[in-house]
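Since the structure comes first, as structure tokens, the remarks are kept for the end.
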Amino acid sequence: MNTQRLLSYPEAIREALNQEMERDPSVIVFGLGVDDPKAILGTTKGLVERFGPHRVFDTPLSEDSMTGVAIGAALAGLRPVHVHIRMDFMLLAMNQIINMAAKMRYMFGGGDIYVPLVIRTLIGKSWGQGPQHSQSLYPLLMNIPGLKIVAPSTPYDAKGCMIQSIRDDNPVVFIEHRLLYYQKGHVPEETYTRAFGKARLLAEGSDITLVGISQMAVECLRAKRYLEEAGISAEVIDPVSLSPLDIDTIASSVSKTGRLIVVDNAWMVCGAGAEIITQLIERNINMQVHRMGFAFVTCPTTPTLEEHFYPNAKKIASRAYEMLYPDRKPWTPKTELQLEEIEFKGPF
Amino acid sequence: MKTFDTAFIERLYRSMYLIRRVEEEIARIYPTDKIKSPVHLSIGQEAVSVGICEALRDGDVVFGTYRGHAMYLAKGGDLKKMIAELYGKITGCARGKGGSMHLIDTEKGVMGTSAIVGTTIPISVGYAYGLKYNGSDSVVVSFFGDGAIDEGAFHESLNFAALKKLPVLFVCENNFYAIHSHHLSRHHSDNICERAASYGMPAEKIEDGDIFRIYESAGKHIEAIRQGKGPVFLECITCRWKEHVGPNDDFHLGYRSEKEVACWKEKDQLTRLRNLLSSNNVSVIENEVEQEIKDAFEFAEKSPFPEGVVLYEDVFKES
Ligand SMILES: Cc1ncc(C[n+]2csc(CCOP(=O)(O)OP(=O)(O)O)c2C)c(N)n1
Ligand SMILES: [Mg+2]
């Protein structure tokens, strides 16, 4: 077993798809562009050659109905993986996702009705993605019973969560941030599943807990490095699974540090941060809290405005400093660390 | 049209009579508030479901809408579980969680009905994809109303079904109205079949509600679909006698005339079938069906409501 093998995030996803399709002939993959030369940023590359066009196929631009098709195929015994190259396009599928996929088992009283469906959906930011190519709408979905939602930030968790999503007998929304595609990490070659409802402690610390969702987990790791300059020790948690949410892991961290910043990779109103903090308050945890997330405006395209729109490592670090030292004058990291390479490599 | 033997006509009559009488009972009991969900009655439209379901065989499946009592029963769905479901009881086909609009009996191939217009059409198509993928020669029938034609999902679904040559029969029960809105106030012209055909499948319109014609036509199409020739579209003109939702007439609303419905009542297929049978055969069937209905309502009455703990069950399937 080569535990030291490094894979990128998209390589981890491609490996998971290959291994599951190999193992289980009922797994199919479809969506706009899955069999084209770009192959969903490489994640579906080679699948159609290996498994054939009945198992891997492009679709008409019919997000709504193709989601219904996925549900129907799932009822007939298949395990479809439906891919949306951008989450913005998935909005056209909300009727089928919320009214049917999430509800079918419940509204038909359980029994032999279940919907083993994976919806892969890519989110992103930067370089002019703008208003309709950058949205990260998981808070809308977290509000819906009957859906499982994961947004892993590491290649290891990406592979394990993908395999778990495919094997799960329920609809799973699998959220992938494009900037995470540059992440590399240790990924075992053999198949393994990553249980849902279990957060990942990315780095230990004692002064403050930083919870980052999706790519914001990476920004939190970078913030931790900046905070070291100021002598602050941050603990960093990636929830990985947004629904169900592992509040225990976050709660025990915050009980220790007494301070929490949740960095949403989305707008904050009724968001993951709001949910996490509320659940902690309900547990009477004594803490200082703060939320960060997108500015509550439509995402602008030009970089000078976009810079203000998103949280980033420096903003998180600066906010953490303020929480620890409310009486001192504000601090922003001076040095420009080369942090593109910040990656979580283990241990697992 | 070929002649049909008595045994077959009896079968049709039994199914038609069962549906009509069950719904009449539902309408009668409805004001007592024993039925715990709104009801969209199929009275007047039964011949579509019966004609088509009689042309199916075991292993074939149907998907439908909130106006689904007729389809459910015509496909052999369990009557006791249906009435218990309407009563909100734990013994219902969806354990009381669905009600009249969410009937299901997977053993009989009733794969579920939905209260969102058009939503089961793509799901039918996906199920057909699964059947074809697994090399099955079973067929899916997707039932929906003329209102569903307005939805994007309808068009997307027909396109995909034709593209992949999937084993699905689309059945539009055109009763001219979506609630109170006439189909010609929603569509440029009376061309539903032409639109369906343009996606690449045979499309046929049956105008007179004749149950034998529906049966024969469905049978012919289903055979072709079974042989792998791809989807077919069938438009069946029909008439809902009662109000859109609820047990009453609705002529006082003024959106349609009593005359419009009267001409359909004159050619009621239930009466027509009854007249083709001997009175002795008719009363044997009717007595049996009446007993079945009585038993089903008693079963629903006696069944318990779900306990509170049931609220949190059936959200996810535990693997
Ligand atoms: C997507 C959606 N829009 C609106 C409604 C409200 N609605 C319920 S039934 C109905 C009419 C549908 O008419 P049709 O498809 O012809 O079926 P029928 O009731 O005549 O059987 C409407 C608009 C709904 N249930 N779903
Ligand atoms: Mg109608």
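The values are calculated or read from the model by the stated rules, or taken from the named source; none is laboratory data. In this text, all values refer to a predicted model and were calculated from it rather than measured experimentally. Glycine gets a Cβ as well: all are built from the backbone with ideal geometry, and neighbour counts include every protein chain shown. Note: areas computed on protein heavy atoms with side chains; ligands, DNA, RNA excluded. Shrake-Rupley method; radii C 1.70, N 1.55, O 1.52, S 1.80 Å.
Mind listing just one residue for me: the one in the stretch A:264-295 that is among the aliphatic types (A, V, I, L, M) and closer than 22 Å to A:GLY130 by Cβ and, of those, least open to solvent (accessible area, probe 1.4 Å)? Taking the candidates together, the pick is A:ALA266.
Please verify whether the stretch A:68-83 includes one or more residues that are more than 9 Å from every other protein chain (Cβ to nearest Cβ), surrounded by 18 or more Cβ atoms within 10 Å (Cβ to Cβ) and over 25 Å from A:LYS159 (Cβ atoms).
So far as the stretch A:68-83 goes, no, none of its residues is more than 9 Å from every other protein chain (Cβ to nearest Cβ), surrounded by 18 or more Cβ atoms within 10 Å (Cβ to Cβ) and over 25 Å from A:LYS159 (Cβ atoms).
Within the stretch B:229-248, the residues that satisfy the criterion of being more than 16 Å from ligand 1 (Cβ to nearest atom) and away from chain A (no Cβ under 14 Å) are B:LYS229, B:GLY230, B:VAL232.
Considering (1) within 11 Å of ligand 1 (Cβ to nearest atom); (2) farther than 22 Å from A:ARG79 by Cβ, the lone condition that B:HIS155 does not fulfil carries the number (1). Restricting the stretch A:1-14 to residues that are open to solvent by 30 Å² or more (accessible area, probe 1.4 Å) and out of contact with any Ser or Thr (no Cβ under 9 Å at 6 or more places or on another chain), the residue that is nearest to A:PHE174 (Cα to Cα) is A:LEU6. Scanning the stretch B:80-122 for residues that are part of a helix (DSSP H, G or I) and surrounded by fewer than 23 Cβ atoms within 10 Å (Cβ to Cβ) gives B:LYS80, B:THR106, B:GLU107, B:LYS108.
Step by step: first the residues of the stretch A:84-101, then only those that are facing chain B (nearest Cβ under 8 Å) and open to solvent by 10 Å² or more (accessible area, probe 1.4 Å), then the one that is nearest to A:GLN132 (Cα to Cα). Which residue is that? The extreme case among them is A:ASN95. Take the residues in the stretch A:118-131 that are in contact with an Asp or Glu (Cβ under 9 Å, 6 or more places away or on another chain) and closer than 12 Å to A:ILE166 by Cβ, then tell me which one is farthest from the other protein chains (Cβ to nearest Cβ). Checking each candidate, the answer is A:ARG120.
One residue alone among A:GLY72, A:GLY42 is part of a loop (DSSP other than H, G, I, E, B) and either of a type outside the set (Phe, Trp, Tyr) or over 25 Å from the mean Cα position of the chain (by Cα) (or both), and that residue is A:GLY42. Residues in the stretch A:1-52 that are basic (Lys, Arg), farther than 17 Å from A:LEU180 by Cβ and touching a residue at least 24 places away in the same chain (Cβ under 8 Å): A:ARG5, A:ARG23, A:LYS45, A:ARG50. Can you find even one residue in the stretch A:233-251 that is among the hydroxyl-bearing types (Ser, Thr, Tyr), touching a helix residue (DSSP H, G or I) at 6+ places or on another chain (Cβ under 7 Å) and surrounded by fewer than 24 Cβ atoms within 10 Å (Cβ to Cβ)? Yes; the residues of the stretch A:233-251 include at least one that is among the hydroxyl-bearing types (Ser, Thr, Tyr), touching a helix residue (DSSP H, G or I) at 6+ places or on another chain (Cβ under 7 Å) and surrounded by fewer than 24 Cβ atoms within 10 Å (Cβ to Cβ). Among all positions in the stretch B:147-164, there is no residue which is at the interface with chain A (Cβ under 9 Å from one of its Cβ atoms), of a type in the set (A, V, I, L, M, F, W, C) and within 19 Å of B:MET71 (Cα to Cα). Inspection of the stretch B:118-141 identifies no residue that is out of contact with any Pro (no Cβ under 7 Å at 6 or more places or on another chain), more than 9 Å from chain A (Cβ to nearest Cβ), within 15 Å of ligand 1 (Cβ to nearest atom) and not aromatic (Phe, Trp, Tyr). So, in the stretch A:33-56, exactly how many residues are open to solvent by 10 Å² or more (accessible area, probe 1.4 Å) and more than 7 Å from chain B (Cβ to nearest Cβ)? Matching residues across the stretch A:33-56 total 16.
Going by what's in this entry, would B:ALA148 be described as away from ligand 1 (no atom under 16 Å from the Cβ), under 27 Å from B:HIS244 (Cβ atoms) and in contact (Cβ under 8 Å) with a residue 12 or more places away in the chain? Against the criterion (away from ligand 1 (no atom under 16 Å from the Cβ), under 27 Å from B:HIS244 (Cβ atoms) and in contact (Cβ under 8 Å) with a residue 12 or more places away in the chain), B:ALA148 does not qualify. Those residues that are open to solvent by less than 40 Å² (accessible area, probe 1.4 Å), within 14 Å of another protein chain (Cβ to nearest Cβ) and not in a strand (DSSP E or B), I need them from the stretch A:165-193; list them, please. Of everything in the stretch A:165-193, those that are open to solvent by less than 40 Å² (accessible area, probe 1.4 Å), within 14 Å of another protein chain (Cβ to nearest Cβ) and not in a strand (DSSP E or B) turn out to be A:SER165, A:ILE166, A:ASP168, A:ASP169, A:ASN170, A:PRO171.
Under the condition of being in a loop (DSSP other than H, G, I, E, B) and more than 16 Å from the chain's Cα centre (by Cα), the residues counted in the stretch B:1-45 number 11.
Just give me the residues in the stretch B:62-79 being within 12 Å of chain A (Cβ to nearest Cβ) and crowded, with 24+ Cβ neighbours inside 10 Å, in sequence order. Lay out the reasoning, then the answer.
Within the stretch B:62-79, the subset within 12 Å of chain A (Cβ to nearest Cβ) is B:63, B:66.
Of everything in the stretch B:62-79, just one residue is within 12 Å of chain A (Cβ to nearest Cβ) and crowded, with 24+ Cβ neighbours inside 10 Å, namely B:PHE63.
For the stretch B:272-315, a tally of residues being open to solvent by 50 Å² or more (accessible area, probe 1.4 Å) and farther than 26 Å from B:LYS80 by Cα returns 6. Across the stretch B:167-215, the qualifying residues are those that are within 14 Å of another protein chain (Cβ to nearest Cβ) and surrounded by 17 or more Cβ atoms within 10 Å (Cβ to Cβ), and the one among them that is farthest from ligand 1 (Cβ to nearest atom) is B:PRO167.
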